[in-house]
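Scroll down for the structure; my scribbles are underneath it.
The values are calculated or read from the model by the stated rules, or taken from the named source; none is laboratory data. Bear in mind that the values here come from a model prediction, so they are computed numbers and not experimental data. For neighbour counting, all protein chains shown are included, and Cβ atoms are generated from backbone atoms with ideal geometry for every residue, glycine included. For the accessible areas, the whole protein counts, side chains as well, though only heavy atoms, and no ligand, DNA or RNA atoms are used. Shrake-Rupley method; radii C 1.70, N 1.55, O 1.52, S 1.80 Å.
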Amino acid sequence: MITKQKGTYDIYGETAKKRAYINEILASLCEKYNYGYIETPVFEASELFHRGVGEATDMVQKETYDFKDRGNREITLRPEGTAGVVRWFVENKLYGNMSEPVKVFYNMKMYRYERPQSGRNREFTQWGFECFGSDDVLADAEVISLAYNAYRLLGLDNIVIKLNSLGDTASRNAYREALIAYFKPHIHELCEDCQNRLEKNPLRILDCKVDQESEILKKAPKTVDYLNEESKTRFTKLQELLDLMDINYVIDTNLVRGLDYYNHTVFEVVLDNSYALGGGGRYNGLVETLGGPSVPGVGFAMGYDRTLLAMEEHNIDIPIQNTIDLYLLYVSECEKETAAFIAQDVRLNGFICETDLLSKSLKAQFKSVERLNAKYLIVLNEEEIKKDRITIKDTVTKEEKSMPITDLIDYLDMNSR
Ligand code: AMP
């Protein structure tokens, strides 16, 4: 038997229905913020992620799915959404006319070679969005509000936004130097990965999963102490805007986020102090790093699967369609043809209709009516069909009504919606 790959899953049945419901809510919310839908390819040139996400990040060092295609090109399955969207933005020279910001959202599968566990898979979905062209702190607030409102609309009212600022490049560099100086004498007490991170990416030591509880990390210099005046003012303004929008946030000075491209705002969404359900921030240098001009950007990605898991754990009611409108029962060949004809008409008019595809007995077809939760049934009958008539039965009230076949759609319209 061929089984699915470790860290992957099939989406079907109730889960598929739940996801369709969530997709609808998220897409409709994005519309309100005027974000357009985008899908980028599953595979891209490896260089995009090496440059975009950062050579020294865990994601690029250990987690990407890399391979050479038959043309000997270095290919990587996308591990996150932002780099591909920036590639699209640069490739199409959308920076040429920036009289409005470019705002897009996506809902895409991502691939990371991680150790699978609950809420951590090798193939997983992220819903995310990016806003290019505005360096105004209101754009940061808008992105945080869109993320926040998404979880609220899904019923996860208790989420908290963890917020921090890394400051502009000058502030970030000053902080970087302070961290190197601070960690150097203690570095042998930290894990091997952190020892490697010291010179390449010292900020990443702060969110190391292994050394999370170490006193050395807890006493490390804080980002806020290294923000220059401009960055500080900006951070304060962001908090004022979030207060005005009634967004529940806490400042977490240890939050740096794993990827290289962030500056100023970084944030994560957490629930019950458990793992992050999503994260984002500002990335003003990324468009330039990927070959475009200097265009500011800010974005967010939701861990879709984790969010659904959290909804299930919190017993949030997800309305899913568990009934059908009509079941057509038949025995003879002539009745079967009428079933085919009626099913076609009923489905085209927007009703969910089923009929027997397994040559079942009439008794077994009645069992199907129950199993599928049909609201109405019609037992097709040759004598009636000759007169162009049918009898429809309400499965709950048991009421029956005889009518011309041509009246069926009107009847369903009046009674089913
Ligand atoms: P990141 O792109 O690493 O900032 O991740 C954004 C969000 O995606 C995280 O907060 C998680 O909720 C989710 N996520 C990241 N990696 C995985 C994974 N391997 N499996 C499932 N969800 C993930």
* Arg51: among the charged types (D, E, K, R), modelled with pLDDT under 95 and out of contact with any strand residue (DSSP E or B) (no Cβ under 6 Å at 6 or more places or on another chain), yes or no? -> yes
* To do: Can you confirm whether region 318-334 contains a residue that is part of a loop (DSSP other than H, G, I, E, B) and small (Gly, Ala, Ser)?
  => yes
* Asked: Residues in region 310-328: is at least one within 16 Å of the ligand (Cβ to nearest atom) and of a type in the set (Gly, Ala, Ser)?
  -> yes
* Pairs only if they're at least six apart or on different chains, beta carbon under 9 angstrom, first in region 288-304 and closer than 11 Å to Glu130 by Cα and open to solvent by 10 Å² or more (accessible area, probe 1.4 Å), second within 16 Å of the ligand (Cβ to nearest atom) and among the charged types (D, E, K, R); list them, first residue then second. => Pro296/Arg282; Ala301/Glu80
* Asked: Looking at region 242-287, which of its residues are farther than 27 Å from Glu91 by Cβ and part of a helix (DSSP H, G or I)?
  -> Leu242, Asp243, Leu244
* Output the residues belonging to region 304-361 that are closer than 17 Å to Thr406 by Cα and of a type in the set (S, T, N, Q). => Thr338, Gln344, Asn349
* Working carefully through the options Phe105, Phe67, Phe89, find the one that is modelled with pLDDT of 95 or more, of a type in the set (A, V, I, L, M, F, W, C) and closer than 28 Å to Ile318 by Cβ. => Phe105
* Just checking, how many residues over region 157-179 are open to solvent by less than 10 Å² (accessible area, probe 1.4 Å) and in a strand (DSSP E or B)? -> 4
* Asked: Within region 396-414, can one find any residue that is without any contact (Cβ under 8 Å) to a residue 40 or more places away in the chain and of a type in the set (Gly, Ala, Ser)?
  -> yes
* To do: All but one of (1) at pLDDT 85 or above; (2) under 25 Å from Cys131 (Cα atoms) hold for Leu259, so report the exception by its number.
  => (1)
* **Among residues of region 84-121, those that are open to solvent by less than 30 Å² (accessible area, probe 1.4 Å) and within 11 Å of the ligand (Cβ to nearest atom), counted** => 3
